[in-house]
Amino acid sequence: MNKRQSQSGATLIVSMIMLIVVTLLVVYSIRSGNTNLRIAGNMQRQSEALIASQQAIEQVIGQIKASNNINLIPAQNITVSSSGASYTVSTNSLGAAGACILQVPVQTSSLDPSKAADIPCFQSVDVDKPITSTGTTASTLSACNDQSWEIVATINDASSGTQLTQVQGINIRTPATVACP
């Protein structure tokens, strides 16, 4: 009888402590798994939004090439589907102030007559004095400018909470008549 009295409840107490420790480990594992799942989902949405904004910027660049006048590109909302998700991408107006960040006149000495992009520039700024085949003229400036523009693509998706702003620079050669606002 002495043995029973000395062992009463010790096994129960040890079992309860072990059960609490195992329960805490399971709860921590579940919380950690849920956090990692949310992180992976957010990274996937961010990657999809980045791809969608890049596709929208490529569409705007295609419009620039098609119109051959960057000032005709308005601010627009472009819907892009990426990996099953659909995003509305807002782009800035390229004719607006702030979109053109740099304008440099093209020197006639830097023109190459074998390049198709340079051929329209072989007219001097002064139309009455065209550039001769030897490249001599009263003006050293051609009829073109090199301009740097910024295309800004913004995504604010309320359903997923995704927010992204991507800025892409583009350098283009434009006629001297195209102003950099």
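Checking ALA117 against (1) part of a loop (DSSP other than H, G, I, E, B); (2) free of Cβ contacts under 8 Å to residues at least 24 places away in the same chain, which single condition isn't satisfied?
(2)
Can you tell me how many residues within region 158-181 are among the polar types (S, T, N, Q) and over 17 Å from the mean Cα position of the chain (by Cα)?
Qualifying residue count for the region: 4.
Every residue in region 137-171 that is within 18 Å of THR108 (Cα to Cα) and crowded, with 17+ Cβ neighbours inside 10 Å, please.
Matches in region 137-171: THR137, SER142, ALA143, CYS144, ASN145, GLN147.
With the structure loaded, tell me whether ILE13 is surrounded by 10 or more Cβ atoms within 10 Å (Cβ to Cβ) and not in a loop (DSSP other than H, G, I, E, B) or whether it fails that test. Step through it out loud before you land on a result.
Values: surrounded by 10 or more Cβ atoms within 10 Å (Cβ to Cβ): no; not in a loop (DSSP other than H, G, I, E, B): yes.
It is false that ILE13 is surrounded by 10 or more Cβ atoms within 10 Å (Cβ to Cβ) and not in a loop (DSSP other than H, G, I, E, B).
Among the residues of region 46-91, write down those that are surrounded by 14 or more Cβ atoms within 10 Å (Cβ to Cβ), over 12 Å from the mean Cα position of the chain (by Cα) and not in a helix (DSSP H, G or I).
Result: ASN69, ILE73, GLN76, ILE78, VAL80, SER82, ALA85, TYR87, THR88.
The numbers here are math on the coordinates, done by the rules we state, and not lab data. Because the structure is predicted, anything quoted here is derived from the model rather than measured. We place every Cβ from the backbone using ideal geometry, glycine too, and count neighbours over all the protein chains shown.
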